[in-house]
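Before any comments, here is the structure.
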Protein chains: 4
Amino acid sequence: MTDTRDYDALLHQVHQAVLPEIGRGTVANYIPELADVPPDQFGMAVVTLDGKVHTVGHAQTRFSIQSISKLFALVLAFQRQGDALWERVGREPSGTPFNSLVQLESESGKPRNPFINAGALVITDMLCTNFAVPENAVVEFARQLCDSKEIHYDRRVARSERGTSDRNAAMAHFMKNFGNLRNPVDQVLDAYCKHCAIEMSCVELARAVAFLANRGVNPWNGEQVLSASAAKRLSALMLTCGTYDAAGDFAFRVGLPAKSGVGGGIVALVPGECGVCVWSPALEHSGNSHAGLLALELFTTLSGRSIF
Amino acid sequence: MTDTRDYDALLHQVHQAVLPEIGRGTVANYIPELADVPPDQFGMAVVTLDGKVHTVGHAQTRFSIQSISKLFALVLAFQRQGDALWERVGREPSGTPFNSLVQLESESGKPRNPFINAGALVITDMLCTNFAVPENAVVEFARQLCDSKEIHYDRRVARSERGTSDRNAAMAHFMKNFGNLRNPVDQVLDAYCKHCAIEMSCVELARAVAFLANRGVNPWNGEQVLSASAAKRLSALMLTCGTYDAAGDFAFRVGLPAKSGVGGGIVALVPGECGVCVWSPALEHSGNSHAGLLALELFTTLSGRSIF
Amino acid sequence: MTDTRDYDALLHQVHQAVLPEIGRGTVANYIPELADVPPDQFGMAVVTLDGKVHTVGHAQTRFSIQSISKLFALVLAFQRQGDALWERVGREPSGTPFNSLVQLESESGKPRNPFINAGALVITDMLCTNFAVPENAVVEFARQLCDSKEIHYDRRVARSERGTSDRNAAMAHFMKNFGNLRNPVDQVLDAYCKHCAIEMSCVELARAVAFLANRGVNPWNGEQVLSASAAKRLSALMLTCGTYDAAGDFAFRVGLPAKSGVGGGIVALVPGECGVCVWSPALEHSGNSHAGLLALELFTTLSGRSIF
Amino acid sequence: MTDTRDYDALLHQVHQAVLPEIGRGTVANYIPELADVPPDQFGMAVVTLDGKVHTVGHAQTRFSIQSISKLFALVLAFQRQGDALWERVGREPSGTPFNSLVQLESESGKPRNPFINAGALVITDMLCTNFAVPENAVVEFARQLCDSKEIHYDRRVARSERGTSDRNAAMAHFMKNFGNLRNPVDQVLDAYCKHCAIEMSCVELARAVAFLANRGVNPWNGEQVLSASAAKRLSALMLTCGTYDAAGDFAFRVGLPAKSGVGGGIVALVPGECGVCVWSPALEHSGNSHAGLLALELFTTLSGRSIF
């Protein structure tokens, strides 16, 4: 498993194995734009730190990254706020579904971590304070990370999402009630729905997370995005909190830091080696891509590339 | 950081750095035997897979391993039950303190993971089914893992613990009510309190967890304790669930699979490299050793030995 | 509705109206002795303060009073402890099912009221402190209240109940953990299961609660059981907490202080006028007698005897 | 206690007894208009069904009725919706503070009862559907009930309240997410804050609730506001749910159907006899008037006018 041709063979093998599972599960259906995505698609990309790209399936197809944008938002906010960020958001797995209000109530409006919706709203609130047009800041940041100018968010998706965001509005108002939201709820929700509507392909996303596998340095332009220590720490956070209420199971089965989205994408990384992204729109019950999860499990089993 | 002398220097450096913190926090005080342990002790040991032992401080002093025994109990039960074990215990972080009943109530008596008390009681119940004298089975297993005949449990500690186990009794009866306990509650609690009262030193514990860093093979006798895959998976579980309600923070700061106990011990492992154990009796608010946690954080920061 | 013949006519009318509903619902089935009771039985009794007895159906058949015994236990404990009792048990509706542990956890082991199981266990613990054989004290007290020597508890029912009391054991250990249980858990559970197994008929129960309608004075021997004020207050508690998690609905529909049991009995009272008891074994989802609830609702609608 | 002069003497006696307690507690301080009300005020009024008015203290001073308006809103909605109303709001005590979201989450957005904030928001949503200007409908209804044209709501109070309504907004969005709110959240919150800002005096409020003591008939114009049965049932709901999380304690101590507001007012009624209102701005920890609660407790103790 040391020369690059292996990844091509490995991705092919993974693809073949998960073929019967592609399309199983349920496509996110709370907005028409996501509901209409054909479920029988599958793509996967591995981008090594030297820039080699390995793909299988629809790895160039752009999809709605949804919650994966929480990762970009978090890194961007962390660049500005540093560890002060943790005064307003925790670092513990939530133990409850990603959109629960119960924990907020018992913990005085401080979300458990930045990857549950409540936490991502607080992070977005920080971006609203730091940037005039926060969604554009996230888009621009994603562009730099994946070295492509072609990243945009889909205005229709953002608008649809905004129209069905009562639960997020409930959480935002609730946190504002506790003093943990500084900007107007409407403004935070607007920015949040827009950065969740960013569209990227597997290749672009695998490129974009490579800096986390590279001690915080963007391999495409040499910039230090985060310190090596911070990159490791955010990777740890992805492992414990990145896949909704299934993070423990994901760590158990896959063993890689990862972040998933209800658009069916999952990004992951092998420290020191590569960024990975898999996409398949049909979700299992926790909101993670069903075929994507299986593909990543196979990826680590076959390659021995777990971090453990 | 590749030759073994480095570990000696590293442990010395860690020890010096945490000296002012040793004794800060609170020694577990719910039973006299733990309350009477002098808080100003500190030991740390690293045992590499080739058997070299590096120590600092009271690394040969035996202490009550308490919840670290849950790890041995889990591996022993997993050897007998395999993945069927997960039908009765989950693999997710709990999101609530380690001895909470709330989650049991909302999840029909299935504990979130085998490292919270409720989960360890179910694991112990399995051992009660599989072994005539389950506590002896755990002791014997620990002996094999650390290659020492001298491991015992402290009967006075077990008896004291048994006398203050109303909360564990509550959980056990509650799970029995849901059908998730097969043996009499008293028998399960007896075995549980006894294997928690096992006494081991940092050196013995670092030796005992080395098999998890060695693809499941006991380095001291060559036996395959777990499959390589199972060893990785249990390591992942330690990372996400091994340090009570602070697992997310622990992963963030330390970045190693670990298991802690209220006796002040924490075991950890660097995959492919070594077993580690630190001990200092005074605990921070989550029930983990205060100085031990800092020492492990320094250990990974200084050595770059995080898994991320 | 002022002469006594009216009650006979009224009971007849109620009986006719609920006939099609008798047997609907589910007989308590967690112990064989209750599961085997034929569901198609119905009895009702009204005993006015001057001692006149009005009945319909199986009003002389004895049945397992179950949670109705919590009322006798409470009055007996209150006689000894007075208002100090409320330091260990609250007076608020629980808002959660009668056997929930969640509220105990968030409220430090103090049960919400004496009519949920946890509260009745604390009351029974008080009786264990005050009486050598607490179940006999409850039996004797029930005898005095209904003016009959023939009251006993059924040892087989008590034994069966004791064998399936894991949830109650969980609550008892949990409260003991919080310091809110003084006697050994086993002793409290024994006494509790025994006084719940008391057997009485509708006539006996209607007679037994008459003192609450009579300003605290036992109408059959003139003894002041409780002060007038305490009798009113306990009646209020029955209204807000006496019928499990359906107390609000019960107050809304029936409008009388009442206490129900899973044996299918419900006692109620019309202040200044009479004690009432209805019995029919099949229960609705909250654990109250289905036909009994309808009968009481009709009783107040037809008679205008609600307290509101 | 049968001639009307008794009420004058009784009110005087109550007033004297509570004098040292007036001003104890905390005036609601989340908006300046309430925070600025001098705490050392006290008024009480009894209006018998024949129209006789008995008062003591500041019984003619108008104050912000706040949550007492939930009672008027409920009756108004019930007139339109009848029992269909209960499909969207429960009738059980909440068992948790009046503004909790936890219960909403576990019960799919159906509030426990119409007197907690969430329930009152659903009721207000119904009024938004039934009336062009719902707050005016509530004002007009209050005018009819107390037979006065002079009732208004305070626009400044409404505006202030609207500016601090994040928690209510959270609940409204949350219920809308569950489909239990039909109108725009902003519209519902506007109407809610306005009808809570209605100002009335003790005399006016005691007159306004008299119809509930009069079998549903408005004593001042003979109109049937509610059926006799519905009036009794709403009275029962006031008893079990009308005083926030202290309803059980209130029923225990006072024993009358009542509804309180954070403006310091409490309305109550003695069925068949009179409407009652007490007002004193300083609140105990549950949000009920401290001196008002004591006054009502004395009122029933001294008069024997509890319903039990």
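All of the numbers you see were taken from the coordinates with simple rules; none came from a lab. Small disclaimer: the values here were computed from a predicted structure and weren't measured. Every residue, glycine as well, gets a Cβ built from its backbone with ideal geometry; the counts of neighbours run over all protein chains shown.
Values as computed for the structure displayed
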item	result
Degrees between helix C:166-177 axis and first principal axis of chain C (Cα, 0 to 90, nearest 10)	50
Average projected area [Cα convex hull, region C:67-196], square nanometres	7.4
Environment charge at residue D:128 (Cβ cut-off 14 Å; Lys +1, Arg +1, Asp -1, Glu -1)	+1
Rounded Å value of the spacing that divides the Cα centres of region D:98-127 and region A:77-151	29
Descending semi-axes in whole angstrom, ellipsoid equivalent of region B:160-296, from the Cα gyration tensor	27, 20, 15
Farthest positive-ward along region D:69-196 dipole, Cα basis, beta-carbon charges - from D:196, D:153, D:74	D:153
From phi via Karplus (6.51, -1.76, 1.60), per-residue ³J(HN,Hα) for region C:127-141 in Hz, x at Gly/Pro	5, 4, 6, 8, 10, 5, 10, x, 5, 5, 5, 5, 4, 4, 5
HN-Hα J in Hz across region B:289-299 - Karplus 6.51, -1.76, 1.60, θ = phi - 60°, x for Gly and Pro	4, 5, 5, x, 4, 4, 5, 5, 4, 5, 4
Cβ-based net charge around residue A:264, under 14 Å, with every Lys or Arg adding one and every Asp or Glu removing one	-3
Fewest-first sequence of B:171, A:238 by Cβ atoms within 10 Å of each Cβ	A:238, B:171
Reachable lysines from residue D:52, criterion Cα separation under 25 angstrom, eight or more residues apart if same chain	D:149, D:232, D:259
3J(HN,Hα) from dihedral phi, region C:301-307, Karplus parametrisation 6.51/-1.76/1.60, rounded to Hz, x for glycine, proline	5, 6, 8, x, 8, 5, 7
For chain B, projected area of the alpha-carbon convex hull averaged over all directions, nm²	13.6
Inter-chain Cβ neighbour average for residues B:270-276, partner chain, 10 Å	1
Cβ charges +1 (Lys, Arg) and -1 (Asp, Glu), total dipole of region D:168-241, debye	320
Whole-number percent relative contact order across region D:69-196, with pairs defined as alpha carbons under 8 Å at least 6 apart	31
Under 17 Å from the Cα of residue D:194 - aspartates and glutamates, other chains or at least 8 residues apart	D:33, D:125, D:135, D:140, D:150, D:154, D:161, D:166, D:186
Candidates C:265, C:109, C:82, ranked by Gaussian network fluctuation over chain C, Cα under 10 Å, top entry	C:82
For region D:261-308, convex hull volume per residue from C-alpha positions, Å³	72
C-alpha center-to-center spacing [region B:186-204, region D:9-71] in angstrom	63
Dipole magnitude of the protein assembly as shown about its Cα centre (Cβ charges: Lys, Arg +1; Asp, Glu -1), debye to nearest 20	0
Net dipole in debye of region D:133-271 [+1 Lys, Arg Cβ; -1 Asp, Glu Cβ; about Cα centre; nearest 20]	220
Shielding by partners, peptide B:254-262 (average Cβ within 10 angstrom, other chains)	2
Calculated SAXS-style log₁₀ I(q)/I(0) at q = 0.13, 0.16, 0.19, 0.20 Å⁻¹ - region B:49-125, Debye, Cα scatterers	-0.50, -0.67, -0.81, -0.86
Largest to smallest principal axis extent of the C-alpha atoms in region D:1-117, angstrom	50, 36, 24
Residues with amide H under 5 Å from that of residue B:27, placed H, sequence gap 5 or more	B:283
Placed amide H near residue A:152: partners under 5 Å, 5+ positions off or other chain	A:199
Set of lysines near residue B:110 by C-alpha distance (under 19 Å), chain-local residues within fewer than 8 positions excluded	B:70, B:176
Lone cysteines, chain C (no partner Cβ under 4.7 Å)	C:128, C:146, C:193, C:196, C:241, C:274
Estimated 222 nm signal from helices in the protein assembly as shown, with DSSP H stretches of n ≥ 4 weighted -39500 (n - 2.57), rounded to 500	-13500 deg cm²/dmol
Stokes-Einstein diffusion coefficient of the protein assembly as shown, Kirkwood radius over Cα pairs, 4 °C, 1.567 mPa s, in µm²/s	39
